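J.: Sharing a structure here in structure tokens format.
Taken together, the values in this text are just the output of simple stated rules run on the coordinates, not laboratory data. Bear in mind the structure is a predicted one, so any value in this text is a computation, not a measurement. Glycine gets a Cβ as well: all are built from the backbone with ideal geometry, and neighbour counts include every protein chain shown.
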Amino acid sequence: MPEQENPQPENSSVDRISWSHLLNQLLAFFSLESGLLYTARELLFRPGRTMRAYLFSEERKKLSNPVGFTLITAAVTVFIMTQTGSLSRMMERGMETGATLEERLNSDREEGLEALSEEKLKQKAEIEARAESAKFMVEQIMTRYYNIMMLLSIPFLSLGSFLMFRRDKLLYTEHLVVNTYISGVHNMLFMPIGGLMGILPQVSLVYVLFSYVYQFWAYMDCFSGKRWNKAWRATIVIVLGVLLYGVVSGVSVAVFMYFYLKP
């Protein structure tokens with residue numbers, strides 16, 4: 001097989017990468033006529049039409065890839081979580097609440113705790129140290145692997161929408177596109193308020209509310225049928241998706257905690 005020569009500058013068949021080329025690429029990235037910001041705007045205000053345009057029309061060329069769009073917005077979300085320390089503060093608040101509850105439940109055993117043997121006190125201290133370490137590890141997992149955890153929920157939601165909206169005759173893979181875009185918008189909704197979650201826990205309720213309202217609206221706008229029929233189907237998809245993902249993630253965390261905290 002003859003060895004092929006590497007392409008040379010003087011024989012280039014495409015435009016060279018100049019400063020003006022890089023500037024045009026940067027402007028195209030932030031353009032409101034195509035690309036990331038265009039996709040974000042269209043998904044926010046016309047979710048159903050935008051998703052169907054990506055699936056079934058030439059307008060796909062103007063829209064960001066759903067996976068790329070979601071990963072970029074997730075990366076920004078992780079950056080906000082780490083830089084503001086919102087996740088750390090939320091977990092610390094949860095630990096403090098749990099400690100207070102435990103203190104109340106065990107207030108009548110204080111005298112018995114004083115009588116514990118040195119060996120049992122050592123074991124208790126060991127378990128507490130493991131719990132603190134586990135809390136740190138869960139925090140690291142949630143920040144470093146947020147993208148993966150978020151993407152893991154998409155197949156469950158897609159299965160639900162595939163089963164509940166079969167009349168639209170979309171492939172399961174096309175439902176993956178719809179729910180991937182929705183996850184990307186969820187990340188966008190997190191950005192303005194993510195830094196406040198650790199300080200004002202009530203803000204997280206606002207985020208959850210807006211996320212589910214948007215998801216409901218996106219299903220209503222994307223799929224065909226009568227409004228009341230789409231409404232109950234969309235509600236079932238959201239509830240089942242949350243439950244299924246909650247069970248899987250909860251079992252995963254429980255198994256991890258069990259083996260990590262096991263003496």
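J.: First measure r as the distance between the Cβ atoms of Leu209 and Lys169, then evaluate 1/(1 + (r/R0)^6) with R0 = 30 Å and state the FRET efficiency to the nearest 0.05.
T.: On the way: r = 32 Å, r/R0 = 1.07.
My answer for the efficiency is 0.40.
J.: What distance in nm lies between label points placed 7 Å from Cα along the C-beta direction at Arg227 and Glu58?
T.: Taking the simple label geometry, Arg227 and Glu58 are separated by 3.5 nm.
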